[in-house]
Amino acid sequence: LSQNSSDIPLERHISHLLFSVPIPKPGGQAILVPLSTMNDPMALVMPPLKDLPLVDLSFNRLFAALDVPTVVTIVLGFLALEKKVILMSRRQSLVLDCCELLKSLLFPFDLCAPYVPHLTQAFMSCLDFPGAIFVGIYDDEQENGLARIVRANI
């Protein structure tokens, strides 16, 4: 890539990344890609296949919101009993983060059920699914909001 970013259009840089830079092998060496706008090259790395899943979130957030027995109940209930898991919070980012963190705790198993980390009223019929389902609901505290409707029907 050029040392002066104004010489080459952005599309050319993207084309170079997509067609010229190889994809790293799982657990292999990092591939360094020099970028004209950065002092250090960008490192592309793939984790080993049998490594824990990468989650760019802190588990402190999950365990600050839920205690350990509740987390264990959710994970085991979902894995072994194929129950519906519905997470609700008044903080939207907390719902999304907790859903992703709980999903990562299923490792080495894959999630084979519908997963909707941000359920909206338009897709509320997902809750009628007969098997296991994993959803997150933001409680906006509205009188006719999704969280109140779901609480009333549980």
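The values are calculated or read from the model by the stated rules, or taken from the named source; none is laboratory data. All values reported here derive from a predicted model rather than from experimental measurement. A quick note on method: Cβ atoms are made from the backbone with ideal geometry, for glycine too, and the neighbour counts reach across all protein chains shown. Each accessible area value is taken on the protein alone, full model and side chains, heavy atoms only, with ligands, DNA and RNA left out. Shrake-Rupley method; radii C 1.70, N 1.55, O 1.52, S 1.80 Å.
Computed extension length for LEU81-THR37: 10.7 nm, one decimal, from 0.36 nm per residue of separation with the Cα-Cα distance subtracted. Taking only protein heavy atoms and a 1.4 Å probe, the accessible area of the chain is 58% carbon and sulfur. Normalising by the residue count of the chain, find the relative contact order in percent from Cα pairs under 8 Å and 6+ residues apart. RCO, the chain: 18 percent. For the chain, adding -39500 (n - 2.57) for each run of n ≥ 4 DSSP H residues and dividing by the number of residues yields -9500 deg cm²/dmol at 222 nm.
If you fit an axis through the alpha-carbon atoms of helix 68-79 and take the longest principal axis of the Cα set of the chain, what angle between them do you get, 0 to 90°, nearest 10? Taking the Cα atoms of the chain, the angle to 68-79 is about 90 degrees.
Any idea what the dipole of the chain comes to, in debye rounded to 20, about its Cα centre with Lys/Arg Cβ at +1 and Asp/Glu Cβ at -1? Working shown, then result.
On the way: 11 positive and 15 negative charges, 56 e Å.
Once rounded to the nearest 20, the dipole reads 280 debye.
Excluding ligands, DNA and RNA, what is the solvent-accessible area per residue of the chain at a probe of 1.4 Å, expressed in Å²? Per residue, the chain has 70 Å² of solvent-accessible surface.
Residues whose amide H lies under 5 Å from that of LYS84, counting only those 5 or more places away or on a different chain, are ILE133; hydrogens are built 1.01 Å from N in the peptide plane. Couplings for the range 24-40, taken from phi via the Karplus curve 6.51 cos²θ - 1.76 cosθ + 1.60 with θ = phi - 60°, read x, 7, x, x, x, 6, 6, 9, 9, 10, x, 10, 5, 8, 10, 6, 9 Hz in order; Gly and Pro are left as x. If a spin label sat at a point 7 angstrom from the Cα of ALA64 along the line to its beta carbon, the backbone N atoms of the range 105-126 nearer than 20 Å would be those of 105. Once both labels are positioned 7 Å from their Cα atoms along Cα-to-Cβ, the gap between PHE109 and ASP56 label points is 2.8 nm.
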